[in-house]
Amino acid sequence: MKKYLLILFSSFLMPILTNAQVIEWQNTIGGSSPDLLRSITQTADGGYILGGYSASDISGDKNENNNGLIDYWIVKIDSVGNIQWQNTIGGKWL
């Protein structure tokens, strides 16, 4: 039984434990009201394009006021998480 457990550990569990992912960088992006990330895609330059919704006016990382109750918010970041540009898209609710 001990031999079986040793084989199980060395064959299956050890590779899982030794190949853990390492965080290269992390960043929190948003304003003072709820913001929700819905999509992320890597770009050709190694950065990322983020898309989602925002209820925030200018605050935190957000540099444009909201155009309505909840707007689309698109953010382009570089390969280490720095914001390169952003755009708030929306309109007034009727």
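Bear in mind these aren't lab numbers, they're just calculated from the coordinates by the rules spelled out. Just so you know, these numbers come straight off a predicted model, no measurement behind them. FYI the Cβ positions are ideal-geometry reconstructions off the backbone, even for glycines, and counts take in every protein chain you see.
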7 Å from Cα along Cα→Cβ at both residue 59 and residue 23: what's the point-to-point distance in nm? 2.4 nm
If each residue of separation counts as 0.36 nm, what is the full-extension length gain between residue 40 and residue 84 once their alpha-carbon separation is subtracted? 14.3 nm
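Could you order the peptides 60-73, 25-38 from most to least packed, using the average number of other C-beta atoms within 10 Å per residue?
Top to bottom by mean Cβ count within 10 Å: 60-73, 25-38.
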What's the local net charge at residue 54, with K and R +1, D and E -1, over the other residues with C-beta under 13 Å away? -3
Please give the net charge around residue 68, taking every other residue with its beta carbon less than 13 angstrom from that of residue 68, where Lys and Arg add +1 and Asp and Glu add -1. -2
Where Rh is the Kirkwood radius over the Cα pairs of the range 16-94, the temperature 20 °C and the viscosity 1.002 mPa s, what D in µm²/s does Stokes-Einstein return? 157 µm²/s
